[in-house]
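Data block below; observations after.
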Amino acid sequence: MLKTLKAALLAAACVPALAAAQDLDQMTPDALYELAKQEGTVTVFSLSSRIARVEKAFEEAYPGVDLVGIDLSSAKQVARVVAEQQAGVHAVDVLYLADAPVVLRDLLAPGRIKTYVPPRVADQIDAEFKAPLLVHRLSTKVLMYNEAAYPDGSPITNLWQLTLPDWRGKVMMVDPTQRGELLDLLTEIALHPDEMAAAYKAQFGTDLAVDSDLTGAGEQFIRNLFLNDLVLVSNSDDLNKAVGIKDATNPPVAFGTYSDRRDNEEEGWALQVANDVVPANGILFPAVLAVADKAPHPAAARLLIDFMFGDDSADGGPAFAPFNVPGDYATRTTIADDPDSVPLEGLKAWTINTEAVAEHRARIADLIITLQ
Amino acid sequence: MSLPSTAAPPGRRLFTARRLPALLMILIVGILVVAPLLRIVLATLTPGGLEAWQAVLASPMSPNLWWRPLLNTLILGIGVSAGCLLLGGFTAWLVVMTDVPGRRLLGVMHTLPFMIPSFAAALAWGTLFRNSRMGGSSGFFESNGFLIPDWLAWGIVPVLIVLIAHYYSLAFTIIGAALSSVGADLVEAAQMTGARRPRIFFGIVLPVVTPALVSAGSLTLAGAVANFAAPALLGLPVRMQTLSTRLFGMIEIGQAERGFVLALLLIAVSGVFLFLSDRLVSGRRAFVTVTGKGGRTRRFPLGKWRWPLCALGFGLAGLTTVVPVLVLVASSLAPQTGALFSNWTLHFWLGEGGGQIAQGTAGIFRNPVLIGALVNTLKLGVTVALISMVLGLALAHTITRNKGTVLANVLSQLAFLPLLIPSIAFAAAYIALFGAPLGPLPSLYGTFTLLVMAAAAHNLPYAVQAGRSVLGQIATDLEESARLTGAGPLRRMWAIVFPLAIRGLLAGAILVFVKMVRDLSLVVLLFSATSPVLSMVAYRYAAEGFMQFANAITVLILVICLAASLIAQALQARVQKWKE
């Protein structure tokens, strides 16, 4: 009896708080700003140091709200938020990070963050980018080649060609057991067994025989790729240099970042995306925006997330400008892609299925470890 | 203060005045080191953690996750520490004990390699030896027609060489500090009785510096097994993994438990080596050389070997210091990261923003946060170095004075562990432990205090080892006589131990300072202030792909470290006035 009473009281006490949070979720930016001014500040962990430029634009647009931006890699953000909340510390308001599969498992599932979709832009974002996590933009890990050394276009038109003797020791990637995005790439490949099997048949004319200890053509591809002396490096800088140098003869190809092409002129590179590849040339993976659980400045946190999706202009205005990079893609449909890069619809990359990747990622990591 | 211990009932013996400092030390080490370590152990005892143990030790993955990385790690650890003792011992002897020309300059140059981040040495190696395995960009030798085989360009051999080139200066610093306290009286006495030079070396010098050799060997071993940059840059292209690259990777891809398991195993393996080396020292009689009498250093005349050895010393310094520094400086001047020695520009240092270079980013000296970052970095480095030094001295003192007891063994093992705990795990443990208010203590979350605490604990091994190697030589009779005349422990520490051990302590402080101003992981995880430190500024540039700016900051950090070590040398000369 007493227990139920207690529970009822507790529930009653919770209702206003819950209602308040829901109210915040529905508020217009103006209404949020009024509350945010009282909160005075908003703290954000960001995977990109471009948060410094967001800070400037944000404080100009919303005077009286101080943005505190802290650069932290995704893995460190997760480690820090978990440790903080275990100690009962709630200091950060907004997280801006990649590694979505880990975020899903370690932050969203235990309730350490929540997904807030700003009503102002909700209609302009596809459903798949609003749940379970809100996606701000998409980056790439796709097959890159040297357009100076291969002037007739990509030497690779089918992923299975990477397993041929011609390309032995000439395919590179950053070690997928050290960088989450590359592990996500291989996991996503493993999640498309039918397409990979069809591509095998298109390349070799015969059906693929999958080793008995593997499931699916994707896993077989991963094994064959490693057995073909895949070269692993520790950072994308080394990768770009190896693939991109303009006067190279017979340079390798690599799974890299499309937007690194913007450094071509300055660095003397000739990086280009290999887009005409079956079944796909790689992955698009999300950068996620989320509100931390018990954020100390809940209104300012929502205001910032709303702000980071930019204004209604085609380039998103000063708020989105820091992230408007050719080769990266905004999820907000009103923001146009860069005219010089392949438009999002034309890019032959798989957008990762965060939940499925999260589920199978550990198994693929185990497979890769045995192959190294 | 000095209750006669015989009068106390047996059960209370533990709390007699002599034991009190030791117990205090156990308490401090318990809080700073054992507590975070326990948290990591507990994290691996959850269901997920137990799975991780199994995956690492008994699964089809074990060979690649544990055994092979272990083998590589052991080869690196033993190889590097042997190489460092040889090179560091030789250079220390050359600089401290002989009349080789250009001693002072040599002394400065040989302390430099440790201040240059190990990635710079790895980068330098790559610039020279990179071969066609890395695609279109070949190194200096291949461009000039020499074929470089894979084993020389990548894998265990280059990693060994690069790590020895990086860590031998650590051995140099510690052994040099110990050698400088080998009194002239000992050597002269031996010479007068007709001992030949090898005899003096093996009979007097070597035994006296053995504690320093063991300290240096342990630190370089721990440094080598924990190093990430060199094996990642030079090992990965031939799929060479070490325990440190494996544990970094596991934490980075969200399998933290496996990372922690590997870290614990790494600690266990290193623990075995430390235990053995401790036995080596305690199994023999200790020689005390620092007594109340004057401690002039006696220099050997080298005779006809003067100039050849001088050339050798400078040649070594050139390879390990000048080449990496040159590559680092060049990479802060060259617009294209692939062509280090062409089209140099000062833009990355001084340039105004808005131009074509580097997407309009201004040079580092025009970055408004630079001065603030510089001040923060110095404040952090000095504070942490001071605190580690005090703590290290107290710990080292307790360890050496209780030598051979279980207590000393436990303390010395514990004081060594932090070096091997990955900083991300260390930082997470600190947040979890001290983030919440602890009884009357307020929450330390996000404060400078917490960062300093964690950093001091993390760098404790340097301070303790440096302190031990010198303290082991200080005669107890000095302290005993002070005790008899009624001086308390603090007074004894300040008036006797501190001045005598100053060189070793400063050496340790410099090592801590250097580690601290370069550290990134601990700082970004524990410190919330918006005002950054230099390593964070460098990280920002690097994350944006602006390696030149990042390298310019690294050069700046190097200059700071060098200045610090010169100041330390001056300071030491002032305190030990009797030396000159």
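Within segment B:383-401, identify whether any single residue is without any contact (Cβ under 8 Å) to a residue 40 or more places away in the chain, in the same structural domain as B:ARG540 (by TED's automatic domain parsing), closer than 29 Å to B:ALA563 by Cβ and out of contact with any Phe, Trp or Tyr (no Cβ under 6 Å at 6 or more places or on another chain), and answer yes or no.
Within segment B:383-401, the subset without any contact (Cβ under 8 Å) to a residue 40 or more places away in the chain is B:390.
Narrowing the set further to residues that are in the same structural domain as B:ARG540 (by TED's automatic domain parsing) leaves B:390.
Now narrow it down to the ones that are closer than 29 Å to B:ALA563 by Cβ: B:390.
Filter once more, so that each one left must be out of contact with any Phe, Trp or Tyr (no Cβ under 6 Å at 6 or more places or on another chain): B:390.
Yes: one or more hits.
When the helices (runs of 4 or more DSSP H) confined to segment A:209-269 are screened for residues that are buried (at least 23 other Cβ atoms within 10 Å of the Cβ), those reaching at least 2 such residues are found at A:216-227, A:236-244. The set of residues in segment A:162-180 being touching a residue at least 12 places away in the same chain (Cβ under 8 Å) and more than 16 Å from A:LEU367 (Cα to Cα) consists of A:LEU162, A:THR163, A:LEU164, A:PRO165, A:TRP167, A:ARG168, A:GLY169, A:LYS170, A:VAL171, A:MET172, A:MET173, A:VAL174. Scanning segment A:261-270 for residues that are touching a strand residue (DSSP E or B) at 6+ places or on another chain (Cβ under 8 Å), more than 9 Å from chain B (Cβ to nearest Cβ) and within 19 Å of A:ALA349 (Cα to Cα) turns up at least one hit. Taken over segment A:140-183, the criterion of being crowded, with 22+ Cβ neighbours inside 10 Å, hydroxyl-bearing (Ser, Thr, Tyr) and within 13 Å of another protein chain (Cβ to nearest Cβ) is satisfied by A:TYR145, A:THR177.
Run down A:ALA202, A:ALA197 and say which single residue is away from every other protein chain (no Cβ under 14 Å), more than 30 Å from B:GLY259 (Cβ to Cβ) and crowded, with 18+ Cβ neighbours inside 10 Å. Outline the logic, then answer.
Values: A:ALA202 fails: crowded, with 18+ Cβ neighbours inside 10 Å.
From the options A:ALA202, A:ALA197, the qualifying one is A:ALA197.
Taking the listed residues B:ALA232, B:ALA268, the one that is free of Cβ contacts under 8 Å to residues at least 40 places away in the same chain, assigned to a helix (DSSP H, G or I) and away from chain A (no Cβ under 14 Å) is B:ALA268, with no other qualifying. Consider segment B:61-97 and keep the residues that are in contact with a Phe, Trp or Tyr (Cβ under 6 Å, 6 or more places away or on another chain) and not aliphatic (A, V, I, L, M). The one that is nearest to B:VAL225 (Cα to Cα) is B:CYS84. Would you confirm whether or not segment A:47-67 contains a residue that is surrounded by fewer than 23 Cβ atoms within 10 Å (Cβ to Cβ), outside any helix (DSSP H, G or I), in contact with a strand residue (DSSP E or B) (Cβ under 6 Å, 6 or more places away or on another chain) and more than 7 Å from chain B (Cβ to nearest Cβ)? There is at least one residue in segment A:47-67 that is surrounded by fewer than 23 Cβ atoms within 10 Å (Cβ to Cβ), outside any helix (DSSP H, G or I), in contact with a strand residue (DSSP E or B) (Cβ under 6 Å, 6 or more places away or on another chain) and more than 7 Å from chain B (Cβ to nearest Cβ). When segment B:98-119 is filtered for residues that are farther than 28 Å from B:ASN227 by Cα and either β-branched (Val, Ile, Thr) or in contact with a strand residue (DSSP E or B) (Cβ under 6 Å, 6 or more places away or on another chain) (or both), the ones remaining, listed by number, are B:THR98, B:VAL100.
The single condition among (1) in the same structural domain as A:PHE45 (by TED's automatic domain parsing); (2) within 18 Å of A:VAL325 (Cβ to Cβ); (3) among the acidic types (Asp, Glu) that A:ASP293 does not meet is (2). Cβ-Cβ contacts under 6 Å between residues 6 or more apart (or on different chains), taken from a first residue in segment B:174-186 that is surrounded by 22 or more Cβ atoms within 10 Å (Cβ to Cβ) to a second residue that is in a loop (DSSP other than H, G, I, E, B), are listed as B:SER181/B:THR289; B:SER181/B:GLN473; B:VAL182/B:THR289. Checking each residue in segment A:70-111 for being surrounded by 24 or more Cβ atoms within 10 Å (Cβ to Cβ) and in a strand (DSSP E or B) picks out A:VAL94, A:LEU95, A:TYR96, A:LEU97. Among the residues of segment A:320-356, those that are touching a helix residue (DSSP H, G or I) at 6+ places or on another chain (Cβ under 7 Å), of a type in the set (Val, Ile, Thr) and not assigned by TED's automatic domain parsing to the domain that holds A:ALA122 comprise A:ILE352, A:THR354.
One residue is enough: does segment B:539-551 have a residue meeting the conditions aliphatic (A, V, I, L, M), under 30 Å from A:THR43 (Cα atoms), within 14 Å of chain A (Cβ to nearest Cβ) and buried (at least 24 other Cβ atoms within 10 Å of the Cβ)?
So the first thing to find is which residues in segment B:539-551 are aliphatic (A, V, I, L, M), and the list is B:542-543, B:547, B:550.
Still in the list and also under 30 Å from A:THR43 (Cα atoms): B:542-543, B:547, B:550.
The next check asks that each one be within 14 Å of chain A (Cβ to nearest Cβ); those that pass are B:542-543, B:547, B:550.
This time we only want the ones that are buried (at least 24 other Cβ atoms within 10 Å of the Cβ), so: none.
No, because not a single residue in segment B:539-551 is aliphatic (A, V, I, L, M), under 30 Å from A:THR43 (Cα atoms), within 14 Å of chain A (Cβ to nearest Cβ) and buried (at least 24 other Cβ atoms within 10 Å of the Cβ).
Restricting to segment A:86-117, name every residue that is over 16 Å from the mean Cα position of the chain (by Cα) and more than 9 Å from chain B (Cβ to nearest Cβ). Passing the criteria: A:HIS90, A:ASP93, A:VAL94, A:ALA109, A:PRO110, A:GLY111, A:ARG112, A:ILE113, A:LYS114, A:TYR116, A:VAL117.
Look at segment B:118-146: where a residue is more than 13 Å from chain A (Cβ to nearest Cβ) and a partner is modelled with pLDDT under 80, sitting 6+ places away or on another chain with Cβ atoms under 6 Å, you get B:LEU128/B:GLY139; B:LEU128/B:PHE140; B:PHE129/B:GLY139.
Among residues that are away from every other protein chain (no Cβ under 14 Å), farther than 30 Å from B:ASN64 by Cβ and at pLDDT 95 or above, A:THR351 is included.
Going through A:VAL117, A:VAL89 one at a time, which residue ends up being at negative phi, among the β-branched types (Val, Ile, Thr), touching a residue at least 12 places away in the same chain (Cβ under 8 Å) and in the same structural domain as A:LEU47 (by TED's automatic domain parsing)? Please lay out each step first, then the result.
Numbers: A:VAL89 fails: touching a residue at least 12 places away in the same chain (Cβ under 8 Å).
After ruling out the rest, the residue left standing is A:VAL117.
None of A:ALA299, A:ALA280 is modelled with pLDDT of 95 or more, surrounded by 19 or more Cβ atoms within 10 Å (Cβ to Cβ) and part of a loop (DSSP other than H, G, I, E, B) except A:ALA280.
The values are calculated or read from the model by the stated rules, or taken from the named source; none is laboratory data. Here the structure is a predicted model, which is why all the values come from computation and not from measurement. Ideal geometry is used to build each Cβ from the backbone, glycine not excepted, and the neighbour counts take in all protein chains shown.
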